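A short write-up of the structure that comes next.
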Amino acid sequence: MAPYRTRALQDPATIALIAPDQWLPHRADLSGDIEAPIAGLWMVIGALLSLCGVALMMRHANLRFDFFAPVNGVLLSAALLAGSIRFAYRLPTTRTQRIARDAAEYLGLFTMLCVLGAVASYPAAAGTSGYVDATLERIDRIFRFNWVGWYDFTVAHRSLQILGGIAYASIYVTPIIILCYYAQADRKAEARAFIASFWVAAILTLVLFMAFPAEGPLAYLLHGPVPYMPTSALYQSQLIPVLRSGSLQEVSLSSLRGLVCAPSFHTTSAVLFMLFAWPVRSLRWPLICLNVAMLLSIPVEGTHYLADMIGGALVAIVAFTALKFVSRKLVLRRQASAG
């Protein structure tokens with residue numbers, strides 16, 4: 001049986017009988033900025049190079065991976081399931097099979113990227129020295145941003161603590177929404193660009209983190225008792241010193257913590273989410289509202305300076321612009337080959 005999409009496109013009469021909404025979204029939902037998908041082979045090569053790079057970083061920092069953590073079995077099972085679906089439906093004969101295939105590919109690659117990025121922050125932190133909190137706090141003063149005042153206002157309102165925690169955690173939900181949309185709408189170019197943009201952003205974030213390590217404003221600015229412990233707690237000030245000293249030698253997926261203060265990867269993610277959601281009419285405003293809420297939660301829940309957030313936004317813009325540039329180059333190359 002011929003693949004689903006190929007079979008439909010081979011017969012003009014079939015196309016005339018199929019309502020467009022059955023397999024494509026409304027035209028206004030499509031992005032005109034990203035036209036050519038990154039080849040699947042390059043996505044696989046990028047993932048493998050990332051895996052090798054993280055392994056080398058771990059080895060250089062004398063860190064070992066906890067292979068026996070219970071969460072590893074869950075992630076391995078999920079990876080095998082995604083890989084099996086992707087392989088089984090490589091030539092889909094129905095729309096449902098195509099959606100399942102694409103969703104498995106997109107979510108599997110994105111999850112792998114997120115896990116590798118989180119693990120890589122540990123050897124990256126081990127190679128750092130000093131802190132730049134004083135500089136980051138001076139930048140905040142230039143913009144008249146009072147982190148302690150922002151924190152105190154949150155402490156005084158329990159509802160802000162609850163809503164802030166929920167908004168901050170939405171970073172795990174938004175990519176699922178976007179990638180599942182791309183899967184059902186058959187937008188492979190946008191989906192792969194979305195994943196690749198996060199890959200570029202993660203690399204830039206890790207490089208900048210190694211150059212500008214920080215404890216975070218909760219540890220640097222707040223002295224004495226902590227009346228409200230936000231989501232990110234004091235992980236930077238607690239874990240970075242023991243990684244530098246070599247006291248912490250094993251990294252477990254079950255206890256990964258956020259170590260990157262500057263730039264803020266939550267901010268990077270929020271900006272990328274909004275940039276990719278903007279062309280999609282059905283997702284635009286719900287995801288923009290959700291991610292604006294996440295941005296407002298970042299100073300306290302993520303224990304970030306405003307300077308961290310500015311840096312994170314710039315990282316997102318650079319990554320997004322780079323992927324648009326690559327996409328246009330791919331279009332020009334394919335046009336030249338066709339001509």
>> Can you compute 3J(HN,Hα) from phi for each residue in region 280-291, using the Karplus curve 6.51 cos²θ - 1.76 cosθ + 1.60 with θ = phi - 60°, rounded to whole Hz and x for Gly and Pro?
In response: 9, 4, 6, 9, 3, 6, x, 6, 5, 4, 4, 7
> Considering only protein heavy atoms and a 1.4 Å probe, what is the carbon-and-sulfur percentage of the accessible area of region 32-97?
Replying inline: 72 percent
> Taking springs between alpha-carbon atoms closer than 10 angstrom, which of TRP285, TRP147, TRP42 fluctuates most in the Gaussian network model of the chain?
Replying inline: TRP42
> Add -39500 (n - 2.57) for each DSSP H run of 4 or more in the chain, then divide by its residues: what number comes out at 222 nm, to the nearest 500 deg cm²/dmol?
Replying inline: -22500 deg cm²/dmol
> For the chain, what relative contact order do you get, as a whole percent, if you take Cα pairs closer than 8 Å and at least 6 residues apart?
Replying inline: 28 percent
> For region 124-207, what does the alpha-carbon gyration tensor say about shape, rounded, prolate or oblate, given a ≥ b ≥ c as the root eigenvalues, a/c under 1.5 as rounded, and a/b over b/c as prolate?
Replying inline: oblate
> From the phi of every residue in region 197-210, what ³J(HN,Hα) in whole Hz does the Karplus formula 6.51 cos²θ - 1.76 cosθ + 1.60 yield, where θ is phi - 60° and glycine or proline is x?
Replying inline: 5, 5, 5, 4, 4, 5, 5, 4, 5, 5, 4, 5, 4, 5
> Remind me, relative contact order of region 88-211 in percent, using alpha carbon pairs under 8 angstrom and six or more residues apart?
Replying inline: 46 percent
> How are the C-alpha pair distances of region 79-164 spread across 5 Å bins, as whole percents from the shortest bin up?
Replying inline: 3, 11, 11, 8, 8, 12, 12, 9, 8, 9, 7, 2
> Looking at the square roots a ≥ b ≥ c of the eigenvalues of the Cα gyration tensor of region 246-320, which shape do they give, rounded for a/c under 1.5, prolate if a/b is larger than b/c, or oblate?
Replying inline: prolate
> Under a GNM of the chain (C-alpha, springs under 10 Å), which listed residue has the highest mean-square fluctuation: MET229, MET309, MET274?
Replying inline: MET229
>> Between LEU75 and ARG328, how high is the FRET efficiency from 1/(1 + (r/R0)^6) when r is the Cβ-Cβ distance and R₀ = 45 Å? Nearest 0.05.
In response: 0.80
> Which far-off residues, 5 or more places away or on another chain, put their amide H under 5 Å from the one on VAL251, with H placed in the peptide plane?
Replying inline: ARG64, PHE65, ASP66
> Once fully extended, how much extra length lies between ILE176 and ILE142, figured as 0.36 nm per residue of separation less the alpha-carbon to alpha-carbon distance?
Replying inline: 8.5 nm
> Using the Cβ atoms and a cut-off under 13 Å, what net charge is assigned to the surroundings of GLN249, where Lys and Arg are +1 and Asp and Glu are -1?
Replying inline: +1
> Where is the GNM fluctuation largest for the chain (alpha-carbon springs, 10 angstrom cutoff): ARG187, ARG158, ARG101?
Replying inline: ARG158
> What is the percent of Cα-Cα separations in the chain that go past 26 Å?
Replying inline: 54 percent
> So if R0 is 45 Å, what FRET efficiency would HIS157 and THR93 give, r being the distance between their Cβ atoms, rounded to the nearest 0.05?
Replying inline: 0.25
> How would you classify region 184-256 from its alpha-carbon gyration tensor, with a ≥ b ≥ c the square roots of the eigenvalues: rounded for a/c under 1.5, else prolate if a/b is greater than b/c, otherwise oblate?
Replying inline: prolate
> In cubic angstrom, how much convex hull volume per residue do the alpha carbon atoms of region 68-118 span?
Replying inline: 63 Å³
> So what are the three principal axis dimensions of region 208-294 from its Cα atoms, in whole Å, longest to shortest?
Replying inline: 50, 30, 27
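The values are calculated or read from the model by the stated rules, or taken from the named source; none is laboratory data. Computed from a prediction, not measured in an experiment: that's the story for all the values here. With ideal geometry, Cβ positions are generated from the backbone for all residues, glycine too; neighbour counts draw on all protein chains shown. Heads up: the accessible areas ignore ligands, DNA and RNA and are worked out on the full protein's heavy atoms, side chains in. Shrake-Rupley method; radii C 1.70, N 1.55, O 1.52, S 1.80 Å.
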